[in-house]
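Input: a single structure, listed below in structure tokens.
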Amino acid sequence: MGLGLRWYHFVLWAGFIAIMALMPEFVSKGTLRTIIFANFLAIFAISWDVLSGRTGYISFGHPFLIGIGAYTTAILTKRFDVPVEYAIPTAVIMTMVGGTIMFLPALRIKGSYFALVSLAFMELIYQLVQVIRPDLTGGTRGMSGLVTLTRGAVNGYYLSVTLMIIVALCMWLLMRTRLGTALSAIGMNEESVKGSGLSPTKLKLFAFMTSAFVAGLGGAFYVHYLGSIAPRALFDINFVFTIIVATLIGGASTIVGPMFGAFFLTFLLEYLRPYLPGAERYLIYGVIALLLYMYQPKGLYHIVMTQLDRFKKRADDD
Amino acid sequence: MLEIIIQGILLSGLYALIAVGFTLIFSVGRVLNLAYGSYIMVAGYIYFYFSQLLGLPPIAGLLLAGILGSCMGLLKYNLIVKPLKGDHIAVEISTLILAVVLQSTVILFFGNSAKILLPIIPGVIHIGNATVTFNVLAATVASWLILIGLYLFIKKTHIGRAMMAVSMDAKGASISGVDIDKINMITWGISGFLGAIAGVFFASYTQLSPTMWVAPLIIAIAIVIVGGIGSIIGTLVVAHIIGFMEIISVALISPQLRGVFTMLLIILVLVIRPKGLFGREEL
């Protein structure tokens, strides 16, 4: 397959999995709850990265996809008493259908224009959810009392961390294949991808479907962790902002970067809580994000990598 | 029926005012300023601070809001847009981050709860069975005056024509001796001023809250996309299409569907006719 795997890749992943598995032994329940949120944010950020980080089709409407997944499973379990085992796969499939719908405009437009259409998609579904069949969706107030899959912080932690690691590992491997390279090439120059005899349309469709798959999975599990869903919190520009910033801070189109970006930001927000209890926290958070982004748009991953390279070079020179 | 027409004209005037500053930046600088909504929000708060907390006359508050908005625009251009050197996606993302930063700054100073702005010009007038506040009427008149002024400025003055030239072809304009940087600065300044003025009127039309920047931003985006870039006439026409569409859907279908048709219109126009209804060939 030519994945280019080296021994240290295995060591790093195994080490990461081991640390995450042992985490509940060392940290408090409160911290575990924070990590759970970080895990879900990481899944959403990875989903965003697969689409926007790679192909350059910036999605400002990712909650559109996440919301389809979350609402489908919420409606199925709550209103039709469908067991979760069936509801979640259905939700994922529905999200992939949603991803295909979002893909249609990408056939004709790109760049800023696509970003705006995706934003329009999010606003559209936000308003539709409240109006169309409020008996199903719960209208403006959303739904509560949904089935939760786990009880207690430790179980919730294990479920979310397993899901996150599986998603991250699969996407990381997938992006190391030639398919991943082709997706990156779309972000660089769509014409030359066509010139190389590949079909940009098929590749783009694949990126949208994969992104939707991950977003739907994350959204469905997230709603069954929270046990409630509210349109105002879900289809919120601040939520888009958090996902995008997590990806960019970590390093777009690296999969590992968004994961750590999500952790970095979630913990940053948590540590700011004692000093700034309300939404003012976003001030510091946003300023840090803005400065980092202006300084190095490729993110922390890139900064770490260049430092490592420099270190290696120095070691070689000695 | 009369009421729908009157309300439609008034709302459309406000929307045109909101969108025109955004059109300007998008046409000349070719960047999407996603922090445009925050001019509107911040200007609302600046006006609130000066005229309601400090008790200055409304017109002074309006001018101060405009001047500070214009400063914001210049700062934004020099600190964010220029260093990113025309990377459009990067500008979009950093202005989105900036919008959230400004939102939380406002929360820090004024709190999270919504505030009611006293009308800039108090009083009402009855036309048929429709009640029109002088406030909204003033916004519409101001909007028309500003649009006509801007149109003449762009068509007749040297700077305005230079702006047009930059919007059509920045490289060509630069070869012909236009200082692109200066033109961009002027554009950002004017756009900030217009955004701020629109913000004060919009805030008095709805209410003042830290999250109020999203709705006008989306309306501005919709108007610019559907109207097409580089067209003030397009902005005006589409502001009326969207304004009337909203009023009609509120009056005849359901108030909750207010924004749905706008979103559908954006998606449809972008997919079927990406250059907009009145725009030049682009993409």
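Return B:Ile59, A:Ile35 ranked ascending by Cβ neighbour count within 10 Å, so the fewest neighbours appear first.
Numbers: B:Ile59 11, A:Ile35 25.
Least crowded to most crowded, the residues run B:Ile59, A:Ile35.
Think of the protein assembly as shown as having a plus end and a minus end, set by charges on the Cβ of Lys, Arg, Asp and Glu; of A:Tyr301, A:Pro83, A:Pro200, A:Pro200 sits farthest toward the positive end of this dipole.
Straight-line cross-link reach from B:Lys171 at under 20 Å between alpha-carbon atoms covers these lysines, not counting any fewer than eight positions away in the same chain: B:Lys82, B:Lys85, B:Lys182.
Legend: residue pairs A:Lys110/B:Lys155; A:Lys110/A:Lys204; A:Lys204/B:Lys275; A:Lys110/A:Lys194, Cα-Cα distance threshold 19 Å; pairs beyond threshold, A:Lys110/B:Lys155; A:Lys204/B:Lys275. Averaged over the residues of A:241-248, the number of partner chain Cβ atoms lying within 10 Å of the residue Cβ comes to 3. Note on chain B: with a GNM built from Cα contacts shorter than 10 Å, the maximum mean-square fluctuation among B:Asn33, B:Asn112, B:Asn129 falls on B:Asn129. Using Cβ point charges alone (K and R +1, D and E -1), the dipole size of the protein assembly as shown about the Cα centre works out to roughly 460 debye.
Net charge of the neighbourhood of A:Gly61, taken over other residues with C-beta under 14 Å away and scored Lys/Arg +1, Asp/Glu -1, is -3.
Each residue of the range A:7-236 gets 124 Å³ once the volume of the Cα convex hull is shared out per residue. A Cβ-based charge dipole, computed about the Cα centre of chain B with Lys and Arg at +1 and Asp and Glu at -1, lands at about 340 debye. Along the range A:33-41 the Karplus relation, 6.51 cos²θ - 1.76 cosθ + 1.60 evaluated at θ = phi - 60°, assigns HN-Hα couplings of 4, 4, 5, 4, 5, 4, 4, 5, 4 Hz to successive residues, with x for each Gly and Pro.
May I ask for the distance between the Cα centers of the range A:260-318 and the range A:133-198, given as a whole number of Å? Distance between centres, Cα-based: 23 Å.
Taking 28 Å as the straight-line reach from the Cα of A:Lys312, the lysines in range (excluding those fewer than 8 positions away in the same chain) are A:Lys298. The fraction of all Cα pairs in the protein assembly as shown landing in successive 20 Å bins from 0 to the largest distance is 19, 53, 26, 3, 0, given as whole percents.
Neighbour counts of other C-beta atoms within 10 Å: give me B:Val250, A:Val129 arranged from fewest to most.
Going from least to most buried by this count: B:Val250, A:Val129.
Whole-Hz Karplus values for the range B:247-252 come out as 4, 5, 5, 5, 6, 9 Hz, taken residue by residue from phi with 6.51 cos²θ - 1.76 cosθ + 1.60 and θ = phi - 60°; glycine and proline positions read x.
Note on chain B: with a GNM built from Cα contacts shorter than 10 Å, the maximum mean-square fluctuation among B:Val260, B:Val31, B:Val91 falls on B:Val260. Using every pair of distinct Cα positions in the range A:54-106, the Kirkwood expression returns a hydrodynamic radius of 11.8 angstrom. Positive contributions from Lys and Arg (+1) and negative ones from Asp and Glu (-1), summed over other residues with Cβ under 14 Å from the Cβ of A:Leu268, come out at 0. Taking θ as phi - 60° and the Karplus parameters 6.51, -1.76 and 1.60, the scalar couplings of the range B:29-45 work out to x, 6, 10, 8, 8, 6, 8, 4, x, 6, 4, 5, 5, 4, 4, x, 5 Hz in sequence order, x denoting glycine and proline. Ranked for footprinting exposure by Cβ neighbours inside 10 Å, fewest first, B:Ile223, B:Ile154 give B:Ile154, B:Ile223.
Qualifying GluC sites (Glu not before Pro) in the range B:223-283, where qualification requires a DSSP coil assignment and no more than 10 other C-beta atoms within 10 Å, comprise B:Glu281. Around the amide H of B:Gly228, modelled in the peptide plane, lie the amide H atoms of B:Leu277, B:Phe278, all under 5 Å away and 5 or more residues distant in sequence or on another chain. The shape of the range B:63-177 comes out oblate: with a ≥ b ≥ c from the C-alpha gyration tensor, a/c is at least 1.5 while a/b does not beat b/c.
Counting only Cβ charges, +1 for Lys and Arg and -1 for Asp and Glu, the dipole size of the range A:145-204 around its Cα centre is about 120 debye.
Amide H contacts of B:Lys115 (H built 1.01 Å from N, in plane; Pro and chain starts excluded): B:Leu208, B:Ser209 sit under 5 Å, all sequence-distant by 5 or more or on other chains. Here's the picture: charge each Lys and Arg Cβ at +1 and each Asp and Glu Cβ at -1 in chain A, and of A:Gly278, A:Leu65, A:Ala220 the one pushed furthest to the positive end of that dipole is A:Leu65. Comparing B:Ala220, B:Ala90, B:Ala239 in a Gaussian network model of chain B where C-alpha atoms under 10 Å apart are linked, the largest mean-square fluctuation is found at B:Ala90. Other residues within the sphere of radius under 12 Å centred on the Cβ of A:Pro200, judged by their own Cβ, net out at +2 (K and R +1, D and E -1).
Bear in mind that the values in this text are calculations on the coordinates, not laboratory data. Model, not experiment: these values are computed from the prediction. Note: ideal-geometry Cβ built from the backbone for every residue, glycine included; neighbour counts use all protein chains shown.
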